[in-house]
Amino acid sequence: PHPTSLHSLQDIRNTVGNIPMEWYQDFPHIGYNLDGKKIYKPIRSKDELDMFLEKMENPDYWRTVQDKMTGADIKLTDEQVELVHRLQKGQFGDVHFNPYEPAVDFFTHEVMIHPVTNRPADKRSFIPSLIEKEKVSKLVHAIKMGWIKPRKPKDDTPTYYDLWAHEDPNSILGRHKMHVPAPKMKLPGHEESYNPPPEYLLSEEERLAWEQQDAAERKLNFVPQQFRCLRAVPAYARFIHERFERCLDLYLCPRQRKMRVNVDPEDLIPKLPKPRDLQPFPTSQALVYRGHTSLVRCLSISPSGQWLVSGSDDGTVRFWEVCTARCMKTLPVGGVVKSVAWNPNPTICLVAVCVEQSVLLINPCLGDKLLYAATDQLLEAYAAPEEERVQPVRWAPASPEEHTRGIRLLVHHDKAVKQVTWHGKGDYFASVVADSGNRQVLIHQSSKRWSQSPFRKSRGLVQRVLFHPLRPYFFVATQRYVRVYNLLKQELTKKLMTNCKWVSSMAVHPAGDNIICGSYDSKLAWFDLDLSTRPYQLLR
Amino acid sequence: AEAVTTLCVRRYAVEDVPFSVPAASETTDLSHLINKLLAAGNADHKYVEFDFLINGQFLRMPLVTHMEVENISTEEVVEIEYVEKYMAPQPEECIFHDDWISSVQATEEWILTGCYDQTARIWSLEGKSIMMIAGHTEVVKDVAWVKQDSLSCLLLSASMDQTVLLWEWNVEKNKVKALHCCRGHAGSVDSIAVDCTRTKFCSGSWDKMLKIWSAVPTDEEDEMEEAANRPRKKQKTEQLGLTRTPLATLSGHTEAVSSVLWSDAEEICSASWDHTIKLWDAETGDLKSTLTGNKVFNSVSYSPLCRRLASGSTDRHIRLWDPRSKDGSLVLLSLTSHTGWVTSVKWSPTHEHQLISGSLDNIVKLWDTRSCKAPLYDLAAHEDKVFCVDWTEAGLLLSGGADNKLYCYRYPATASDVGA
């Protein structure tokens, strides 16, 4: 809009153009008009003071602007001020402009029956894109030709790093790994106390002895001293000395690693032998020996293995041939037979049978004729000693009727005999009587017809006795313990602790090293005599 | 179906061409086949049962199962031998004794048994008691014939009284006389065996020794020397016959000797309770070799036909050994079927593959070594333990035991078996 000027109607349109008017700041003119004549600024130019006064006093200051073309102040009309205000608010300049004209649809919002276009979809809208196929094939070709390298697939495997791969074992770090700890110092004991118990204080002789000993020999490096209270304890004079000696020990003495014994616990478990190695053991029944009419209480087998003798509650003793189960002889003995024992000496043919209150020595006359004839001769070659010894039992030779049956000697006891057993050499035998005193166990010598009661004091109810097969030991099993006596020295050697309440039976291995004890509380204790008095194994 | 070639027996020969037989055929089917072939060739052929062997093993199950078990390929031609089927032995006689029978030995005409009533008896083959030989003071454990001719026979009886008595039996007059009393053993004499020349015999006993004695009866000159040496005895029993001492004693066993036999002219084989079988040279008395087992040997038997030793032991097996083997403990075959100790074994005198065994489980079993899994027949006539078994060449099987009975069975004497 062209400037309206109140001052002149002359055409003073500035032809300077759109240039910053600061260029004409210092000049008296503000531009040129159409004729080329200078347009001079209004004469009284405004200085600061004037401008300030105007600002303060002129009520129209706020609507006065300076015209760039002419340099004159122009007061804006009300419409112009309104226009400015609208523009500042961001509205449209034109007053009459209505920005909220109703929208005129160029299409309709209602759904019509006919579509705008009824063109069918192109095939390319549902088949794979041909353009992309081309692009892909170009890419593939590029990859094949090597112009484009495909991205390497990400390797998900974790990579491991060995931290110690390049380590030098001899380095200082190696020494740290193979650390040999320093030998430990002795912890302070009662001697180091400031008020030790009186027994730790050295007496005069001990102190003199201590002083005379060499410093290296002494057990204690100091003399234990006693003080009234902790306050009275002086400084320890040898402190630095001791620390120095410790340091010397630490770096001078070669250290030795305490070698731990590398024992595989599996090695300690003894290897169980294969059952085949343990044979012979009974596997199946082979023979049944029939003949007894009542309980068979006891068995014994001859040393050669050809004959078996058994005693039963029906009052008979029967002799069997082992390999055929033939009963060779039956001997009625007139009482319940509690125990039989065949003499283990292979040159003597004798069986000891305990029947109620007596022990019968029977010659079964089986086997080698010479042997049993020799046995008879041996028994008859007995010469009675001049003086009658006092014996706890009565020896009697067999009556002729008994002799024909095979019985040779009878040993009459006071009470019922529970068990009889022979010594390995075949001369002595021991019998257990159902007594409760010291006369429970009796040892007899068949060749001399002499008996003795070896124990002065009774130690419990004797269950079984046995002789050691090789050595002069005598085993007496009472209800809880087995006592081993040395026959030569006539003293108790050992007392084996079976952990059983009531021992029922005992047996010794022919080699002589092991004993097993069975008990009524279903335990079997196996003792190794060389090992200890406790069972080597307790089997339940 | 596989192809099969059959081999011929002289009597029952068929053409040697391959045949195709169904896979599931059994012995009866194959038997029918052979019979048809024979009938086609021979008009008056009677039906005969055959038994079939493949690779030396009897066919006991369907052909295809047998070949699977034995890993025989069905692609190739398989050779099958056929033999006449061995029929079951038929029980013939039962001879009653007074006590347990410990031993039996039979010849063509007579049966000799040893009994636990301290006597030995002679019987005819029909079961008639001919003679009773008493003289021992203890149980008779073993008996043996030395020689027989029509007039008189020599026989031996070994007993638990540690002696062996040599008897002469006059057949015509039916009288028996003790010629010699062989003393020397220190224990019960459990077993005797006469050698093939009939001049010597060997005895094994509980005193772990073997003794060789002369079996030739001698005259009275010996008595003069013996009289001075005879030890004084307290109990004077009648001395039966002249005392005889052994020619040699063989020691080496650590336990009782249960059974002895002569395997050769100068070789003795002894089985013992110390789990070994030892072979001795009778001339020098040296131990030749030892066969070791795991359990007590109760009995041995040797067959010159197949040169094998059969042993019966307390672990219920019968083992076959080769006595000539160098390493000395090779068990060739183990026959297992008994459920009790095998107390006696005997090879067949005619058939090289057959043997019988008696056991404490009351059964006598007839075995063919070609079929080693099961015996051919079980003879379960005894009611108690069987102690002894024997064969005769004429076709009798004998077994005696603890039920006091001696059973005789007739077995068909077949033609000897096929050669390969």
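The values are calculated or read from the model by the stated rules, or taken from the named source; none is laboratory data. No experiment lies behind these values; they were computed from the predicted model shown. Here Cβ is always computed from backbone atoms with ideal geometry, including for glycine, and neighbour counts include all displayed protein chains.
Would you pick out the residues in the stretch B:240-259 that are within 13 Å of another protein chain (Cβ to nearest Cβ) and over 20 Å from B:M160 (Cβ atoms)?
B:T254
If the requirement is being under 19 Å from A:G367 (Cβ atoms), in contact (Cβ under 8 Å) with a residue 12 or more places away in the chain and touching a helix residue (DSSP H, G or I) at 6+ places or on another chain (Cβ under 9 Å), which of these qualifies: B:A158, B:A186?
Result of the check over B:A158, B:A186: B:A186.
Does B:T197 satisfy the condition of being at pLDDT 85 or above, buried (at least 17 other Cβ atoms within 10 Å of the Cβ) and of a type in the set (S, T, N, Q)?
For B:T197, the condition - at pLDDT 85 or above, buried (at least 17 other Cβ atoms within 10 Å of the Cβ) and of a type in the set (S, T, N, Q) - is not met.
Can you tell me which residue is nearest to the chain's Cα centre (by Cα) among those in the stretch B:115-158 that are assigned to a strand (DSSP E or B) and among the β-branched types (V, I, T)?
B:V143
Return only the number of the condition from (1) out of contact with any Ser or Thr (no Cβ under 7 Å at 6 or more places or on another chain); (2) among the hydroxyl-bearing types (S, T, Y); (3) surrounded by 10 or more Cβ atoms within 10 Å (Cβ to Cβ) that A:Y32 does not satisfy.
Result: A:Y32 passes all but (1).
Considering only residues that are away from chain A (no Cβ under 14 Å) and more than 21 Å from the chain's Cα centre (by Cα), which ones fall in the stretch B:293-308?
none
Sort out which residues of the stretch B:91-114 are over 18 Å from the mean Cα position of the chain (by Cα) and surrounded by 18 or more Cβ atoms within 10 Å (Cβ to Cβ), and write them in order of number.
Within the stretch B:91-114, B:E93, B:I95, B:H97, B:W100 qualify.
Against the condition in a loop (DSSP other than H, G, I, E, B) and among the small types (G, A, S), how does B:A39 come out, does it pass?
It is false that B:A39 is in a loop (DSSP other than H, G, I, E, B) and among the small types (G, A, S).
Out of the residues in the stretch B:369-391 that are part of a loop (DSSP other than H, G, I, E, B) and of a type in the set (D, E), which is surrounded by the fewest Cβ atoms within 10 Å (Cβ to Cβ)?
B:E383
Mind checking which residues of the stretch B:129-164 are of a type outside the set (S, T, N, Q) and touching a His at 6+ places or on another chain (Cβ under 7 Å)?
The one that is of a type outside the set (S, T, N, Q) and touching a His at 6+ places or on another chain (Cβ under 7 Å): B:D161.
What residue, of B:L151, B:L155, B:L166, is surrounded by 21 or more Cβ atoms within 10 Å (Cβ to Cβ), out of contact with any Pro (no Cβ under 8 Å at 6 or more places or on another chain) and more than 13 Å from chain A (Cβ to nearest Cβ)?
The match here is B:L155.
Considering the stretch A:317-345 alone, what residues qualify as being within 11 Å of chain B (Cβ to nearest Cβ) and farther than 15 Å from A:R405 by Cα?
Those that are within 11 Å of chain B (Cβ to nearest Cβ) and farther than 15 Å from A:R405 by Cα: A:E321, A:V322, A:C323, A:T324, A:A325, A:R326, A:C327.
If B:H45 passes every condition in (1) assigned by the TED database to the domain that holds B:L333; (2) not in a strand (DSSP E or B) but one, which one does it miss?
(1)
Would you please name the residue that is surrounded by the fewest Cβ atoms within 10 Å (Cβ to Cβ), looking only at residues in the stretch B:115-138 that are on the phi < 0 side of the Ramachandran plot and within 14 Å of chain A (Cβ to nearest Cβ)?
Checking each candidate, the answer is B:T137.
Quick check on my filter: what residues within the stretch B:39-56 are touching a His at 6+ places or on another chain (Cβ under 8 Å) and closer than 19 Å to B:E79 by Cβ?
Result: B:I54, single match.
Is it true that some residue in the stretch A:351-365 is more than 15 Å from A:H292 (Cβ to Cβ), within 11 Å of chain B (Cβ to nearest Cβ) and surrounded by fewer than 22 Cβ atoms within 10 Å (Cβ to Cβ)?
Yes, the stretch A:351-365 contains at least one residue that is more than 15 Å from A:H292 (Cβ to Cβ), within 11 Å of chain B (Cβ to nearest Cβ) and surrounded by fewer than 22 Cβ atoms within 10 Å (Cβ to Cβ).
Hey, among the residues in the stretch B:399-411 that are farther than 14 Å from B:H97 by Cα and in a strand (DSSP E or B), which one's nearest to the other protein chains (Cβ to nearest Cβ)?
Taking the candidates together, the pick is B:Y409.
Would you point out the residue of the stretch B:332-346, among those that are loosely packed, with under 15 Cβ neighbours inside 10 Å and touching a Leu at 6+ places or on another chain (Cβ under 8 Å), that is nearest to the other protein chains (Cβ to nearest Cβ)?
B:S334
Suppose the filter is more than 60 Å from the chain's Cα centre (by Cα) and either in a helix (DSSP H, G or I) or surrounded by 10 or more Cβ atoms within 10 Å (Cβ to Cβ) (or both); does A:V104 pass it?
The answer is no for A:V104.
Could you check the stretch B:176-211 and list, in sequence order, the residues that are touching a Pro at 6+ places or on another chain (Cβ under 6 Å) and away from every other protein chain (no Cβ under 14 Å)?
B:L179, B:K211
Quick one: is B:D161 outside any strand (DSSP E or B) and within 14 Å of chain A (Cβ to nearest Cβ)?
So B:D161 fits the description; yes.
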